[in-house]
Amino acid sequence: MKKNVITFGTFDLFHYGHLKILKRASEYGDFLYVGVSSDMLNYKKKGYYPLIEQNYRLEIVGSLKFVSGVFLEESLEKKREYILKYNAHYLIMGNDWKGKFDDLKDIVEVIYLPRTPDISTSEIIQRIKLEQLR
C-alpha cells in the first residue's frame, strides 16, 4: 500500500534547511504533499508577511522532484481537513513544533524531525539586516 506524507511550512527565502527537512519527510512514504502557508496565514502567525510572495513559494517547493504536490495552507485550524483530503499516513513537522500537533494522532502518525542546525529564515533575515548596518 502506498503511503502519503504531509507537511507544512512558510518556506520563505528557501534555504538548505528547507531542502533537508522536505527531503527527509519524503523518505517516510511514496508521496509528499506540502502545505505552503499563505501570506495572510503567515501574517496571522508571525505578525509580518513573507518576503517571497505565496505563488512563488508554491512554485519553488512544487518544483522539487521528491514533492508530489503543493497546496496553499490558509488556516492552522484546517490541518485535520488537509490531512484527510490528502489521505496522509504521516504528518512530518520540524521539532520546533514538538507536541503542537499531537491532537491529530487519532488520524495520522505525527513525527517531529530535528531542524538543520545553524540555519533558519529568521537567522538569514537578521544577518542581512546586520550587513546593511555595516
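The values are calculated or read from the model by the stated rules, or taken from the named source; none is laboratory data. Keep in mind that what you see is a predicted model, and the values were worked out from it rather than measured. Note: ideal-geometry Cβ built from the backbone for every residue, glycine included; neighbour counts use all protein chains shown. Remember, those area values only see protein heavy atoms, side chains included, never the ligands or the DNA or RNA. Shrake-Rupley method; radii C 1.70, N 1.55, O 1.52, S 1.80 Å.
Surface calculation, 1.4 Å probe, protein heavy atoms: ARG24 sits at approximately 60 Å² accessible. The stretch between MET40 and LYS23 holds 3.5 nm of extra length on full extension. This uses 0.36 nm per residue minus the Cα-Cα distance. Rounded to the nearest 20, the Cβ-based charge dipole of the chain about its Cα centre (Lys and Arg +1, Asp and Glu -1) stands at 200 debye.
When the accessible area of the chain is computed with all protein chains present and a 1.4 Å probe, what percentage of it is carbon and sulfur? About 52 percent, which is the carbon plus sulfur part of the accessible surface. In the chain, a dipole from Cβ-located charges (positive for Lys and Arg, negative for Asp and Glu) runs towards its positive end, and of THR10, GLN54, PRO114 it is PRO114 whose Cα lies farthest in that direction.
Tell me, what is the FRET efficiency for GLU59 and LYS3 to the nearest 0.05, using R0 = 35 angstrom and their Cβ-Cβ distance as r? Given R0 = 35 Å and the Cβ-Cβ separation, E is 0.85. Take the alpha carbon gyration tensor of region 67-106, find the square roots of its eigenvalues, order them as a ≥ b ≥ c, and report rounded if a/c is under 1.5; if not, report prolate when a/b exceeds b/c, else oblate. The shape class here is rounded.
Of all the Cα-Cα pairs you can form in the chain, what percent are over 19 Å apart? Intermediate results must be reported in sequence, preceding the final value.
Working: 4448 of 8911 pairs.
Looking at the chain, the distances longer than 19 Å represent 50 percent of pairs.
Add +1 for every Lys or Arg and -1 for every Asp or Glu among the other residues with Cβ under 11 Å from the Cβ of LEU113, and state the total. Present the calculation step by step, with values, prior to reporting the outcome.
Values: positive: LYS20, LYS23, ARG24, LYS98, ARG115; negative: GLU27, ASP96.
Result for the local shell: +3.
Multiply the residue separation of LEU133 and LYS105 by 0.36 nm, subtract the distance between their alpha-carbon atoms, and state the gained length in nm to one decimal.
Working: separation 28, 0.36 × 28 = 10.08 nm, distance 4.62 nm.
Gain in length upon complete extension: 5.5 nm.
Straight Cα distances below 14 angstrom link LYS105 to the aspartates and glutamates GLU81, with same-chain residues fewer than 8 positions distant left out.
Legend: distances between Cα atoms for LYS45/LYS65; LYS44/LYS98; LYS45/LYS129; LYS79/LYS129; pairs beyond 24 Å are LYS45/LYS65; LYS79/LYS129.
Applying a DSSP loop filter and a limit of 16 other Cβ atoms within 10 Å to the GluC sites (Glu not before Pro) in region 45-133 leaves GLU53, GLU74. Sequentially through region 69-79, phi angles give Karplus couplings (6.51, -1.76, 1.60; θ = phi - 60°) of x, 10, 8, 7, 8, 9, 7, 5, 6, 9, 3 Hz, Gly and Pro residues having no value and appearing as x.
Rolling a 1.4 Å probe over the protein heavy atoms gives the chain an accessible area of 60 Å² per residue.
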